[in-house]
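Asker: Here it is, the structure, as structure tokens.
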Amino acid sequence: MSQTSPANGITDPKTWRAVSRADREARAQRLQLPSGANILAVKPEPLDWIISGRIPQTLLSAVLEEEHSGSGRAEKEVSREEILDLASFATRLVKATVVSPPIGDGPEEIRLEDIPIKDRAYIFEWACRALSQAGSGSTQEDLSSTKLERFREE
């Protein structure tokens, strides 16, 4: 990121966006979807999603509770609001995961509604597996509630 504004030496937004886009493209993997379509997709970064608040609080709480209590906890009834939060999360995760072709409403983009549901579900499941794999092993500690609390204190 070497391009800066001559006035103040600060990187301009256009350059920063270009660097971010180049990073996503470099990390992208080719996926063949159930429909036969091929896309480029990037695995989501769990800590980025947590810190930015893009994971619904109820989902994050459930994951952290499961981590601490094991699999012996009682089933919790899911509210309508929690279902809508999860649906919104799934949509954001699919959009953020697909690098190419871009998802959107522009002339060179594909509308989310035009992607077959089985392909959307596949992309969502692939991204969730990437999130959970990133959360296993040594990274698990980084996502623990203790680590998050320490982060908030700093």
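Asker: Exactly one condition in (1) at pLDDT 85 or above; (2) surrounded by 12 or more Cβ atoms within 10 Å (Cβ to Cβ); (3) among the small types (Gly, Ala, Ser) is not met by Ala87; state its number.
Answerer: Against the list (1) at pLDDT 85 or above; (2) surrounded by 12 or more Cβ atoms within 10 Å (Cβ to Cβ); (3) among the small types (Gly, Ala, Ser), Ala87 comes up short only on (2).
Asker: Out of (1) farther than 22 Å from Ile115 by Cβ; (2) at pLDDT 70 or above, what's the single condition that is false for Ile50?
Answerer: (2)
Asker: So if I check each of Ala37, Ala22, Ala18, Ala41, which one is closer than 21 Å to Phe89 by Cβ and at pLDDT 90 or above? Before you say what the answer is, go through the steps one by one.
Answerer: Numbers: Ala37 fails: closer than 21 Å to Phe89 by Cβ; Ala22 fails: closer than 21 Å to Phe89 by Cβ; Ala18 fails: closer than 21 Å to Phe89 by Cβ.
Among Ala37, Ala22, Ala18, Ala41, only Ala41 is closer than 21 Å to Phe89 by Cβ and at pLDDT 90 or above.
Asker: Filter the stretch 10-28 for residues that are within 16 Å of Ile103 (Cα to Cα) and surrounded by 13 or more Cβ atoms within 10 Å (Cβ to Cβ) and give the result.
Answerer: Taking the stretch 10-28 first, the residues within 16 Å of Ile103 (Cα to Cα) are 21, 24-25, 28.
If the condition is that a residue be within 16 Å of Ile103 (Cα to Cα) and surrounded by 13 or more Cβ atoms within 10 Å (Cβ to Cβ), then Arg24, Ala28 are the ones that fit.
Asker: Ile115 fails exactly one of the following numbered conditions: (1) surrounded by 12 or more Cβ atoms within 10 Å (Cβ to Cβ); (2) at pLDDT below 85. What is the number of that condition?
Answerer: Every condition holds for Ile115 apart from (2).
Asker: Right, next: So for the stretch 130-146 (the condition being in a loop (DSSP other than H, G, I, E, B), at pLDDT below 60, in contact with a helix residue (DSSP H, G or I) (Cβ under 8 Å, 6 or more places away or on another chain) and surrounded by fewer than 14 Cβ atoms within 10 Å (Cβ to Cβ)), does at least one residue qualify? Steps first, please.
Answerer: So the first thing to find is which residues in the stretch 130-146 are in a loop (DSSP other than H, G, I, E, B), and the list is 135-137, 143-144.
Narrowing further to those that are at pLDDT below 60: 135-137, 143-144.
Those left that are additionally in contact with a helix residue (DSSP H, G or I) (Cβ under 8 Å, 6 or more places away or on another chain): 135, 143-144.
Still in the list and also surrounded by fewer than 14 Cβ atoms within 10 Å (Cβ to Cβ): none.
Taking every residue of the stretch 130-146 in turn, none turns out to be in a loop (DSSP other than H, G, I, E, B), at pLDDT below 60, in contact with a helix residue (DSSP H, G or I) (Cβ under 8 Å, 6 or more places away or on another chain) and surrounded by fewer than 14 Cβ atoms within 10 Å (Cβ to Cβ).
Asker: Going by the structure shown, is Leu31 surrounded by 11 or more Cβ atoms within 10 Å (Cβ to Cβ) and either among the aromatic types (Phe, Trp, Tyr) or in contact with an Asp or Glu (Cβ under 8 Å, 6 or more places away or on another chain) (or both)?
Answerer: Working: surrounded by 11 or more Cβ atoms within 10 Å (Cβ to Cβ): yes; either among the aromatic types (Phe, Trp, Tyr) or in contact with an Asp or Glu (Cβ under 8 Å, 6 or more places away or on another chain) (or both): no.
Judged against the criteria, Leu31 is not a match.
The values are calculated or read from the model by the stated rules, or taken from the named source; none is laboratory data. Please read all numbers here as calculations on a predicted model, not as lab measurements. All Cβ positions, even for glycine, are placed from backbone atoms using ideal geometry, and neighbour counts span all protein chains on display.
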